[in-house]
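Peer 1: Below are the structure tokens for one structure; questions will follow.
The values are calculated or read from the model by the stated rules, or taken from the named source; none is laboratory data. Bear in mind that the values here come from a model prediction, so they are computed numbers and not experimental data. As a convention, Cβ positions derive from the backbone with ideal geometry for all residues, glycine included, and neighbour counts pool all protein chains shown. These area figures cover heavy atoms from the full protein model, side chains too; ligands, DNA and RNA do not enter into them. Shrake-Rupley method; radii C 1.70, N 1.55, O 1.52, S 1.80 Å.
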Amino acid sequence: MDESIEKAARAVLDSNLTLALTGAGISVESGIPDFRSKGGLWDRYDPDEYASIYSFQSNPEKVWQMLREMEETVDKARPNAAHIGLAELEAMGLLKSVITQNVDNLHQEGGSKDVIEYHGNSRSLTCLWCNRRYDYAQKKGEYPPYCECGRILKPDVVFFGEAIPMAAMTRSYELASSCQALLIIGTSAVVSPFNVLPRQAKQVGATIIEINLERTVLTDHITDILLLGKATEMVSGLVAAVRELKSL
Ligand code: NAD
């Protein structure tokens, strides 16, 4: 067994409360590009230009060109071994919650029950003018989708410049303040205020396990155990190690 994976597995087994924080990197192997993948969505649509609430308010038709492509990509995506591995840890009673920045619903589709969506979800839409809400299915294939009041709808994802849903922010902070082990998977950890959570967990003494293809801003000062590699391989390895150590 790889030494770092074994250390991570022991930390999960020894912990009374373990959380997973996830970002776009966990869904890359499902076919959804992160902000960095070459040739991906974000090479053609600058997130600063397309993912801010000010852009949406001033030109929703333009932002919907990007949202349409993102929706079509998300529709084709299926949960991968990393999403499924986290659901297995939860089912084994070894993972309390997944706190995700993703809006792709893949944790839920992979079987996770307790998922906190820090940046909302793309499966519903709201009218910014009259507050009517719609399910994604009601508006599927309509680009851009319109409200009955005649305005263009916005998906319930948090754009840059918008507030984080209060319930998600409060519960995440409370959990991070009492966890004993924290898995951080596929995030550059530069988006605020999500990036407060690893620091909070570190402050209360949690063991921080980071899974990423590369080192991040967390690696030198926050991370205790770094598992460098693909999310699918590292999470599967971790789950296998946990099972093996549990059976000894
Ligand atoms: P990011 O794009 O800033 O960083 C992604 C991180 O994942 C990088 O550190 C990269 O090295 C790592 N990574 C890429 N592929 C990986 C793999 N196969 N295994 C392990 N690690 C891998 O993403 P972020 O930190 O989540 O911040 C971007 C923001 O954009 C977030 O709000 C995010 O939710 C949103 N976003 C969401 C999706 C989605 O819902 N799937 C996709 C793109 C962006």
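Peer 1: Could you work out what % of the accessible surface of the chain is carbon and sulfur, using a 1.4 angstrom probe and leaving DNA, RNA and ligands out of the count?
Peer 2: On the way: 5690 of 11620 Å².
Carbon plus sulfur share of accessible area: 49 percent.
Peer 1: How much accessible area per residue does the chain have, counting only protein heavy atoms and a probe of 1.4 Å, in square angstrom? Show your work: numbers first, answer last.
Peer 2: Working: 11620 Å² over 248 residues.
Spelled out: the 1.4 Å probe surface of the chain, per residue, equals 47 Å².
Peer 1: Using just the helices of the chain, give the 222 nm mean residue ellipticity in deg cm²/dmol: DSSP H runs with n ≥ 4 each add -39,500 (n - 2.57), and the total is spread over all residues, rounded to 500.
Peer 2: Working: 11 runs with 98 residues, N = 248.
So the helix-based figure for the chain works out to -11000 deg cm²/dmol.
Peer 1: Can you tell me which lysines have their Cα less than 16 Å from the Cα of K139? Leave out same-chain residues fewer than eight positions away.
Peer 2: K154
Peer 1: Can you list which of the trypsin sites (Lys or Arg not before Pro) found in the stretch 33-109 are DSSP loop residues with at most 11 other C-beta atoms within 10 Å? Provide the component values of the computation, followed by the final result.
Peer 2: Numbers: sites: R36, K38, R44, K62, R68, K76, K96; in loops: R36, K38, K96.
Loop-located and lightly packed - K38.
Peer 1: Could you derive backbone 3J(HN,Hα) for the stretch 127-140 from the dihedral phi with the Karplus parameters 6.51, -1.76 and 1.60 (θ = phi - 60°), listing whole Hz in sequence and x where the residue is Gly or Pro?
Peer 2: Along the stretch 127-140, the couplings run 8, 6, 9, 10, 6, 5, 10, 9, 6, 4, 4, 5, 10, 4 Hz.
Peer 1: Still on this structure: Given the pairs K202/K230; K7/K38; K96/K140; K96/K202; K7/K230; K113/K140, which span a C-alpha to C-alpha distance of over 27 angstrom in this model? List each step's numbers first, then the result.
Peer 2: Values: K202/K230 24 Å; K7/K38 33 Å; K96/K140 33 Å; K96/K202 17 Å; K7/K230 18 Å; K113/K140 25 Å.
With Cα atoms farther than 27 Å apart: K7/K38; K96/K140.
Peer 1: Would you pull out the residues with amide H under 5 Å of D114's amide H, same chain only if 5 or more places away, H placed 1.01 Å from N?
Peer 2: V98
Peer 1: Projecting each Cα onto the charge dipole of the chain (Lys/Arg +1, Asp/Glu -1 at the beta carbon, about the Cα centre), which of M169, T22, I222 comes out farthest on the positive side?
Peer 2: M169
Peer 1: Hey, another quick one. Please report the equivalent ellipsoid semi-axes of the stretch 48-153, computed as sqrt(5 x eigenvalue) of the Cα gyration tensor, largest first, in whole Å. Before the final figure, lay out the partial values.
Peer 2: Values: eigenvalues 182, 37, 34 Å².
In descending order the semi-axes read 30, 14, 13 Å.
Peer 1: Could you work out the percent of alpha carbon pairs in the chain separated by over 27 Å, rounded to a whole number?
Peer 2: Details: 10893 of 30628 pairs.
Cα-Cα pairs in the chain separated by more than 27 Å: 36 percent.
Peer 1: In percent, what relative contact order does the chain have, based on Cα pairs under 8 Å that are 6 or more apart in sequence? Working shown, then result.
Peer 2: On the way: 442 pairs, mean separation 63.8, N = 248.
Taking the mean separation of contacting Cα pairs over the length of the chain, I get 26 percent.
Peer 1: To the nearest 0.05, what FRET efficiency results for I53 and D14 with a Förster distance of 35 Å applied to their C-beta separation? Before the final figure, lay out the partial values.
Peer 2: Working: r = 42 Å, r/R0 = 1.21.
E between I53 and D14, to the nearest 0.05, is 0.25.
Peer 1: While we're here: Report the charge-dipole magnitude of the stretch 114-208 in Debye, nearest 20, computed about the Cα centre from +1 at each Lys and Arg Cβ and -1 at each Asp and Glu Cβ. Before the final figure, lay out the partial values.
Peer 2: On the way: 10 positive and 8 negative charges, 21 e Å.
So the magnitude is around 100 debye.
Peer 1: What fraction of the DSSP beta bridges in the chain is antiparallel, stated in percent and rounded to the nearest 5? Mind showing how you got there, number by number?
Peer 2: Working: 7 of 29 bridges.
Bridges in the chain that DSSP calls antiparallel: roughly 25 percent.
Peer 1: Separate question: Hey, quick one: spin label on D224, modelled 7 Å out along Cα-Cβ, who in the stretch 188-212 has an amide N within reach, i.e. under 19 Å?
Peer 2: The answer is 196-212.
Peer 1: Using +1 at the C-beta of Lys and Arg and -1 at the C-beta of Asp and Glu, which of A82, A9, Q180 has the Cα lying farthest in the positive direction of the dipole of the chain?
Peer 2: My answer, from the dipole projection, is Q180.
Peer 1: Let me ask something additional. In whole Hz, what ³J(HN,Hα) sequence does the stretch 211-223 give by Karplus (6.51, -1.76, 1.60; θ = phi - 60°), x for Gly and Pro?
Peer 2: Computed from phi, the couplings for the stretch 211-223 are 10, 7, 6, 9, 5, 10, 5, 7, 4, 6, 10, 10, 6 Hz.
Peer 1: Further, regarding this structure: Between 0 and 90 degrees, rounded to the nearest ten: what's the tilt of helix 81-91 against the longest Cα principal axis of the chain?
Peer 2: Around 70 degrees separate the two axes.
Peer 1: Right, something else. Given labels modelled 7 Å from the Cα in the Cβ direction, how far is it in nm from L128 to S177?
Peer 2: Placing both labels 7 Å beyond Cα along the Cβ direction yields 3.3 nm.
Peer 1: Suppose each label sits 7 Å from its Cα in the direction of the beta carbon; what would the M1-A163 distance come out to in nanometres?
Peer 2: Using points 7 Å along Cα→Cβ, the separation is 4.6 nm.
Peer 1: Calculate the FRET efficiency for L245 and S192 from the Cβ-Cβ distance with a Förster distance of 41 Å, rounded to the nearest 0.05. Mind dumping the intermediate values first?
Peer 2: On the way: r = 36 Å, r/R0 = 0.88.
FRET efficiency, L245 to S192: 0.70.
Peer 1: Would you please give the FRET efficiency between R151 and K38, computed as 1/(1 + (r/R0)^6) with r the Cβ-Cβ distance and R0 = 35 Å, to the nearest 0.05? Walk me through the numbers on the way to the answer.
Peer 2: Values: r = 36 Å, r/R0 = 1.03.
Result of the calculation: an efficiency of 0.45.
Peer 1: For the stretch 99-148, state the average projected area of the convex hull of the C-alpha atoms over all orientations, rounded to one decimal in nm². List each step's numbers first, then the result.
Peer 2: On the way: hull surface 16.8 nm².
The directionally averaged projection comes out at 4.2 nm².
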